[in-house]
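**Student:** Have a look at this one before I ask anything.
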Amino acid sequence: MIQLENVSKMFGSGAYGLTEINLSIEKGEFVFIVGPTGSGKTTLFRLLIREMLPSQGSIVVGDFDLIKLPHSRVSHLRKKIGVIFQDLKLIVDRTVFENVLLPLEVVGVPVSEAIKRAEELLGQVELTAHRDKFPLQLSGGELQRTAIARSLALSPEVLLADEPTGNLDPTTSREIVNLLGDINKKGTTVLMATHNADIVNEFKKRVVALQKGRIIKDEKKGKYELD
Amino acid sequence: MSLINTTWKHVRRSPYQSIAAILIVMQTFFVVSMFIFLIVGSSRIIAFLESQPQVTAFFENETKQEEMQVLKEAVKQTGKVSATKFVSKEEALKIYEEQNKDEPILLEFVTADILPASLEVSTYKIQDLSEIYTLLKNAPIVAEVIYQKDLVSKLTLWTNALRTVGITLIAVLGISSVLILVIVIGIKISQKKTEIEIMRLLGATSWYVRWPFIFEGMLYGVVGAVVAWCIASGILWYATPFLNNFLGGVSVLPFSSIILLEILAVEILLGILLGVFSSFLAVLRYLK
């Protein structure tokens, strides 16, 4: 499903965001990407949605060869990948419902169908009661769940969750990861970047550890260990 | 539907910018409307004058009918004359009475005797008038010749000058409108930068992001053009009785509703072009 070969990303300052990454992720897998702040987790996700191009190496996501992908087809790639951004990127002057509706509008889903789908997603993340609230009126967990609902709107094949439990209490964090687990069980490939050791250790999934832009560990049913 | 909603949201959330955009477009199209009215009106006046007897020769008081007839034949023989018409003293009185029917004092002492008989001559081409003028002027039985060529050429000169001034004014206002629309839409794009970035990350195509802004520009163009047309047509309608009085017998006004609707259609089309062009420039400049 996702194939990275010898991928490096060097930033303008000369600093390496990622160095010689080789990573293969199968369809339907659940993978924790762990590592301290600045280890390259977000850079990896930005490369996967073609927000930027690598300095070297090749990246394939599904049928898309990201190096050769013309700019005009980037939107096609992004429709296949749901993203829960680290800073959530919710639109503050739109309600919860309108935020969830946005990806459906963007791809031109007929209005009645889009409304039905958005309502269904809000039910799935238990936010129906908050549908008309604005992001500023929501708690951290509710914001995360709004972002999850939006990322699922187009039934993506891959879901990238960038620190979705950051700043959340342990119970809410567990709820969020359970929700991602349920989504994964329905066949979506999930990559979750986190530095929450408790969660990683509890869920016993594949763990890819990054440090200073390099993969230092890649273990099935791994633990949060950076040594 | 979503496109219209998004555009309407853009307009509603920054009303002052939208009003500024509509006002400048309106100003431009108001001048366009007035200019078209003037051009149509002046070409009607010229056409009217050109269709009128262009040289009128007034005979001496004692001139006999036969002498007049001889002069008429001489004029006809030039082969450049499309029509000739005698106006007798009695007919001249009728015309005088008709022109001054509201002024009984002016009618009181005027009789057919004091009005001269005249010969009205039209030519096929306006440039042949001077020849006919000379011929008539040299005839001993002719007291005076009125010659309309000067009036027509002066009016044509004025119309051409008006056309140059109008086109320059419209060009300057048109460029100002484009620049202001580019700035207004540019500001709106900048205000929505975060939202646009999010939409792109969620898979929006460039055109999905661009369309509402293009549509917004189009809306400003159309609304500005329609409002300007309504105001200009209103002013024309209000001023029609006064202008008709001023222009005397020349039938220039009122314009038929078909002409007014044609002007509206042209202005809407120009408004769309102006709006789309401006917003397209803004989109290219600010939405890279």
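**Student:** Considering only DSSP states other than H, G, I, E and B, which trypsin sites (Lys or Arg not before Pro) in segment A:1-93 qualify as loop sites with at most 10 other Cβ atoms within 10 Å?
**Tutor:** A:68
**Student:** Further question on the same structure: Distance cut-off 19 Å, Cα to Cα: go down the list A:89/B:192; A:41/A:68; B:72/B:94; B:80/B:137; B:125/B:154 and report the pairs above it.
**Tutor:** A:41/A:68; B:72/B:94
**Student:** Counting only chymotrypsin sites (Phe, Trp or Tyr not before Pro) that sit in a DSSP loop (anything but H, G, I, E, B) with at most 11 other Cβ atoms within 10 Å, what is the longest stretch of chain B containing none of them?
**Tutor:** The longest such stretch corresponds to B:125-288.
**Student:** Quick check: the angle from helix B:2-13's long axis to the longest principal axis of chain B, C-alpha only, nearest 10 degrees?
**Tutor:** Helix B:2-13 sits at roughly 80 degrees to that axis.
**Student:** Where does the charge balance sit around residue B:61 when Lys and Arg score +1, Asp and Glu -1, over other residues with C-beta under 13 Å from its C-beta?
**Tutor:** Values: positive: B:64, B:89; negative: B:60, B:62, B:67, B:113, B:144.
The answer is -3.
**Student:** Per residue, what volume in Å³ does the convex hull of the Cα atoms of segment A:2-219 enclose?
**Tutor:** Enclosed volume per residue, from the Cα hull, is 126 Å³.
**Student:** Specify the residue with the greatest mean-square fluctuation among B:160, B:100, B:244, computed from a Gaussian network of chain B linking alpha-carbon atoms under 10 Å apart.
**Tutor:** Evaluated over chain B, the most mobile residue of the options is B:100.
**Student:** Can you tally the net charge around residue B:108? Count Lys and Arg as +1, Asp and Glu as -1, for every other residue whose Cβ sits under 15 Å from the Cβ of residue B:108.
**Tutor:** -3
**Student:** Any idea what the relative contact order of chain A is, in percent, if you count C-alpha pairs under 8 Å spaced at least 6 apart?
**Tutor:** Once normalised by length, the contact order is 27 percent.
**Student:** Measure nothing but the geometry: give the 0 to 90° angle between the long axis through the Cα atoms of B:149-191 and the longest principal axis through the Cα atoms of chain B, rounded to 10°.
**Tutor:** The angle comes out at about 10 degrees.
**Student:** Can I ask one more? In degrees between 0 and 90, to the nearest 10, how far off the longest principal axis of chain B does helix B:129-138 point, with axes built from Cα atoms?
**Tutor:** That works out to roughly 20 degrees.
**Student:** Report Rg/Rh for segment A:1-128, rounded to two decimals, where Rg is the Cα radius of gyration and Rh the Kirkwood radius.
**Tutor:** For segment A:1-128, the value is 1.01.
**Student:** Considering only segment A:2-219, what is the antiparallel percent among its DSSP beta bridges, to the nearest 5?
**Tutor:** Once the DSSP bridges in segment A:2-219 are tallied, antiparallel ones form about 50 percent.
**Student:** OK, next. Give me the net charge of residue A:186's neighbourhood, meaning all other residues with Cβ under 14 Å from the Cβ of residue A:186; Lys, Arg count +1, Asp, Glu -1. Before the final figure, lay out each step's value.
**Tutor:** Values: positive: A:27, A:185; negative: A:29, A:120, A:157, A:182.
That works out to -2.
**Student:** Related question: How big, on average over all directions, is the shadow cast by the Cα convex hull of the protein assembly as shown, in nm²?
**Tutor:** Reported value for the Cα convex hull: 36.6 nm².
**Student:** Compute for segment B:55-147: radius of gyration divided by Kirkwood radius, i.e. Rg/Rh, restricted to C-alpha atoms, rounded to two decimals.
**Tutor:** 1.02
**Student:** Under 19 Å between alpha carbons, and skipping anything fewer than 8 positions from residue A:212 in its own chain: which aspartates and glutamates qualify?
**Tutor:** Straight-distance partners of residue A:212: A:5, A:20, A:162, A:163, A:225, A:227.
**Student:** Filter the GluC sites (Glu not before Pro) in segment A:112-148 to those in DSSP coil with at most 16 other Cβ atoms within 10 Å of their Cβ, and list the result.
**Tutor:** A:126
**Student:** I would also like to ask the following. Loop-only check: which trypsin sites (Lys or Arg not before Pro) in segment B:118-164 are DSSP coil with at most 13 other Cβ within 10 angstrom?
**Tutor:** Taking segment B:118-164 and a limit of 13 other Cβ atoms within 10 Å, the loop trypsin sites (Lys or Arg not before Pro) found are B:125.
**Student:** Right, next: Using helices alone, what [θ] at 222 nm do you get for the protein assembly as shown, with -39,500 (n - 2.57) per DSSP H run of 4 or more residues, divided over all residues and rounded to the nearest 500?
**Tutor:** Helices in the protein assembly as shown give a 222 nm mean residue ellipticity of -18500 deg cm²/dmol.
Here, each number is a calculation from the coordinates, and none is a lab measurement. Owing to the predicted nature of the structure, the values given are computational and were not obtained by experimental measurement. Here Cβ is always computed from backbone atoms with ideal geometry, including for glycine, and neighbour counts include all displayed protein chains.
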